[in-house]
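For reference, the structure is listed below as structure tokens.
The values are calculated or read from the model by the stated rules, or taken from the named source; none is laboratory data. What you see is a predicted model, and the numbers here were worked out from it, not measured in a lab. For neighbour counting, all protein chains shown are included, and Cβ atoms are generated from backbone atoms with ideal geometry for every residue, glycine included. Accessible surface areas use protein heavy atoms only, side chains included; no ligands, DNA or RNA. Shrake-Rupley method; radii C 1.70, N 1.55, O 1.52, S 1.80 Å.
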Amino acid sequence: MIIGILKEPVGESRVALLPDSVKNLISWGVSVLVEYGAGAKSYSPDPLYQEAGAEMKSRLEILQASDMVLAINPPSLEEVGRMKPEAVFLGQFNALFNQEFTQYLIQNQRTAFSMELVPRTTRAQSMDVLSSMATVIGYKAVLMAANLLPRFFPMFMTAAGSISPARVLILGAGVAGLQAIATSRRLGATVFAFDVRAAAKEEVLSLGAKFVEVEGAKEDKGAGGYAVEQDEDFLNRQKEAIHEQASKSDIIITTAQIPGRKAPLLVEERTVLAMKPGSVIIDLAASSGGNCALTQPAQTVEVNGVRVVGVDNLAGTLPQDASKMYGKNYLNFLKLIIKDGQLNLNFEDDIVAGTCVCHQGEAVSPRIAQLINT
């Protein structure tokens, strides 16, 4: 079996597998081809891949020769057409949003796995790229905010007087939000956090933050740990609670997303206008519509002295550790579908089936099947 690793497009610094992960993969009895320069932006030059046992090839050679192609971002539709008909693609292409790519794969009877579909179960935690990258994103979002904020994070007692600590509001206490809370606390800020899930309260308090509670939220045990859409009454009370806290905050970091849907609007324009000049909003949900009404994807907008940052691929700003974590997630998943150096697709396994976008022209993941049939 031949596995090919593609170089990511311009603007992406990560790579699907670092040399150490490639060495592990080769020990399973597979051959690995790596596109020239694939790991350069992750500080893993071609010689390191060669030392690990991989062969360096051109992109076209990899597409035409590989039984499985690994990447983070998907190749173009034209490039998919150059792959062997039976070849498997493994990446993270946001299959629920990138419907053109998903439909192309199904119509052309391709087999593809998209790692953001990995079920949020205990057994699948070691394969959960969303959680891994959320750790990176939550950490880096706080550092970005600290760089933009025109004042200190911690409290200082100086000869020139006392400096009060920055006040940070985290919206969404999932993996990214909890990492943002922990990092903000390490930097000395006073932290408040909000989440519609009651289970998040204990985790927030354990990290030393204060929980902003709005009663009456709907929860769904079948949502895999994600938040679910709320009714209008709750949303109105939520907006008022957030508005009250936000107007007193120096920094807001928003992380709330609902898989397959537009991100919920949590920070209204009136809330931004009520914040102090110099305040910063880091919107980690910018790619799915944004949690802030004024967010522009991959742009920084300043309104009334408040900067609203629409984050784009923040995980790529820490390419070494992000790639290391990503590669470990990939290897753990590949253990389920590779046996004795050969592809072995067992769709009786809930993780394999849940992550598989399509196989031989049929949607396999229940979430993709539901999307196709609606």
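Normalise the Cα radius of gyration of the stretch 62-132 by 2.2 N^0.38 Å (N = residues in it) and let me know the number.
Working: Rg = 12.6 Å, N = 71, 2.2 N^0.38 = 11.1 Å.
Dividing the Cα radius of gyration by 2.2 N^0.38 Å gives 1.14.
Across all Cα pairs in the stretch 115-171, the calculated P(r) in 10 Å bins from zero up to the longest distance comes to 19, 31, 22, 17, 8, 2 percent per bin.
Counting only helical runs of four or more DSSP H residues, what would the 222 nm mean residue ellipticity of the chain come to if each run contributes -39,500 (n - 2.57) and the total is spread over all its residues? All intermediate terms of the calculation are to be shown ahead of the outcome.
Values: 13 runs with 129 residues, N = 374.
That comes out to -10000 deg cm²/dmol.
Go through Lys262/Lys335; Lys7/Lys140; Lys210/Lys262; Lys41/Lys84; Lys140/Lys248 and tell me which ones have a Cα-Cα distance over 31 Å in this structure.
Numbers: Lys262/Lys335 33 Å; Lys7/Lys140 24 Å; Lys210/Lys262 27 Å; Lys41/Lys84 28 Å; Lys140/Lys248 23 Å.
Table pairs above 31 Å Cα-Cα are Lys262/Lys335.
Heavy-atom accessible surface of the chain, averaged per residue, reaches 45 Å², computed with a 1.4 Å probe. Taking the charge dipole of the chain about its Cα centre, with +1 at Lys and Arg Cβ atoms and -1 at Asp and Glu Cβ atoms, the residue from Tyr139, Thr158, Ala95 reaching farthest to the positive side is Thr158.
Just need the relative contact order of the chain here, percent rounded to a whole number, with Cα pairs under 8 Å and 6+ apart. It would help to have the intermediate numbers written out before the result.
Working: 790 pairs, mean separation 66.8, N = 374.
Once divided by the residue count of the chain, the mean separation gives 18 percent.
Label-to-label distance for Gln99 and Gln360 is 2.8 nm, based on points extended 7 Å past Cα in the beta-carbon direction.
Between Tyr36 and Gln64, the modelled labels are 1.5 nm apart [label points 7 Å from Cα along Cα→Cβ].
Remark: the Glu302-Arg270 segment gains 10.1 nm on full extension, using 0.36 nm per residue and subtracting the alpha carbon distance. Once all protein chains are placed together, Met325 keeps about 60 Å² accessible to a 1.4 angstrom probe.
Relative intensity of the stretch 98-211 on a log10 scale, I(q)/I(0) at q = 0.10, 0.19 Å⁻¹, equals -0.44, -0.99, per a Debye sum over C-alpha point scatterers of equal strength in the absence of solvent. For Thr111, nonlocal amide neighbours, meaning residues 5 or more places apart or on other chains whose placed amide H falls under 5 Å from its own, are Phe89, Gln360. Given R0 = 45 Å, the distance between the Cβ atoms of Phe234 and Ala160 translates into a calculated FRET efficiency of 0.45. The GluC sites (Glu not before Pro) of the stretch 81-178 meeting both criteria, a DSSP state outside H, G, I, E and B (loop) and at most 15 other C-beta atoms within 10 angstrom of the site's C-beta, are Glu86. Put simply, the C-alpha atoms of the chain give a gyration tensor, and the ellipsoid matching it has half-axes of 39, 24, 18 Å, longest first.
Return the carbon/sulfur percentage of the accessible area of the chain, one whole number, probe 1.4 Å, all protein chains in place. C and S atoms contribute 50 percent here. Surface calculation, 1.4 Å probe, protein heavy atoms: Lys41 sits at approximately 100 Å² accessible.
Calculated FRET efficiency, Arg151 and Lys84, Cβ-Cβ r, R0 45 Å, to nearest 0.05?
Working: r = 57 Å, r/R0 = 1.27.
Taking R0 as 45 Å, the efficiency between Arg151 and Lys84 is 0.20.
Of interest is the spacing of the C-alpha centroids, which for the stretch 280-351 and the stretch 22-54 amounts to 23 Å. Give me the angle, in degrees from 0 to 90, between the Cα long axis of helix 319-337 and the longest principal axis of the Cα atoms of the chain, rounded to the nearest 10. With rounding to tens, the tilt is 50 degrees. In a simple Cβ point-charge model (Lys, Arg +1; Asp, Glu -1; nothing else charged), the chain has a dipole of about 840 debye relative to its Cα centre. Determine the percent antiparallel among the DSSP beta bridges restricted to the stretch 251-374, to the nearest 5. Bridges in the stretch 251-374 that DSSP calls antiparallel: roughly 45 percent. Listed by chain and number, the lysines whose C-alpha is less than 18 Å from the C-alpha of Lys339, apart from same-chain residues fewer than 8 away, are Lys23, Lys328. Angle of helix 175-186 to the longest C-alpha principal axis of the chain, folded into 0 to 90 degrees and rounded to 10: 50°.
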